[in-house]
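**Student:** To start, I am sharing the structure in question, which I have written as structure tokens.
The values are calculated or read from the model by the stated rules, or taken from the named source; none is laboratory data. The structure displayed is predicted, hence computed values, not measured ones. With ideal geometry, Cβ positions are generated from the backbone for all residues, glycine too; neighbour counts draw on all protein chains shown. The area values use the complete protein model at the heavy-atom level, side chains included, leaving out ligands, DNA and RNA. Shrake-Rupley method; radii C 1.70, N 1.55, O 1.52, S 1.80 Å.
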Amino acid sequence: QVQLVESGGGAVQAGGSLRLSCAASGRTFRAYNMGWFRQAPGKEREFVAASSWSGGSTYADSVKGRFTISRDNAKNTVYLQMNSLKPEDTAVYYCAGDARAVVTDPSGWNYWGQGTQVTVSS
């Protein structure tokens, strides 16, 4: 069982930056793929980025070049550095974890955090 707790959300103006953190419980963090998803009001949850246990990273086209996912296995924490934020990045951001292959479909992830709100104003 893995428990995930996000932090770092907030309100920022367009062009600004935020860093989200996701702290995971459990001793097998390094064996898990970790991902970030987001859900805007009235929209489906969508993939943002993922960090595989082997060290690779995957990004949605909409955030490539602006967002960076990283992980610190010693701290059981995954981060999402968000730069050049746009109003369309406004959403609740969720951390996810799973030991299976990285997929962009939310149904392929077993563990979820409670979410943290990111609001970007123009």
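**Student:** At a 1.4 Å probe, what is the % contribution of carbon and sulfur to the accessible area of the range 25-122?
**Tutor:** 48
**Student:** Using 0.36 nm times the number of residues separating Asp61 and Asp105, minus their current alpha carbon distance, what extension gain do you get?
**Tutor:** 14.4 nm
**Student:** Here's something else I'd like to know. Based on alpha-carbon centroids, what's the gap between the range 2-19 and the range 64-122 in Å, whole number please?
**Tutor:** Rounded to whole Å, the Cα centres lie 9 Å apart.
**Student:** Calculate, for the chain, the solvent-accessible area per residue in square angstrom, rolling a 1.4 angstrom probe over the heavy atoms of the protein chains.
**Tutor:** It amounts to 51 Å² per residue over the chain.
**Student:** Counting only C-alpha contacts under 8 Å and six or more residues apart, can you give the relative contact order of the chain as a whole percent?
**Tutor:** RCO, the chain: 36 percent.
**Student:** Same structure again: Got a sec to turn the phi values of the range 51-58 into Karplus ³J(HN,Hα) couplings, 6.51 cos²θ - 1.76 cosθ + 1.60 with θ = phi - 60°, whole Hz, x for Gly and Pro?
**Tutor:** Residue by residue, the range 51-58 yields 10, 7, 4, 7, x, x, 10, 9 Hz.
**Student:** Let me make sure I get this right: for the range 1-111, a, b and c are the square roots of the gyration tensor eigenvalues over alpha carbons, sorted descending. Under 1.5 in a/c it's rounded, otherwise prolate if a/b > b/c, else oblate. Which is it?
**Tutor:** Prolate, since a/c reaches 1.5 and a/b exceeds b/c.
**Student:** Hey, another quick one. How large is the charge dipole for the chain, taken about the Cα centre, if only the Cβ atoms of Lys, Arg (+1) and Asp, Glu (-1) carry charge, to the nearest 20 debye?
**Tutor:** 280
**Student:** Using a 7 Å offset from the Cα along the Cα-to-Cβ direction at both Ala31 and Ser7, what is the distance between the two label points in nm, to one decimal?
**Tutor:** Here the answer is 2.7 nm between the modelled labels.
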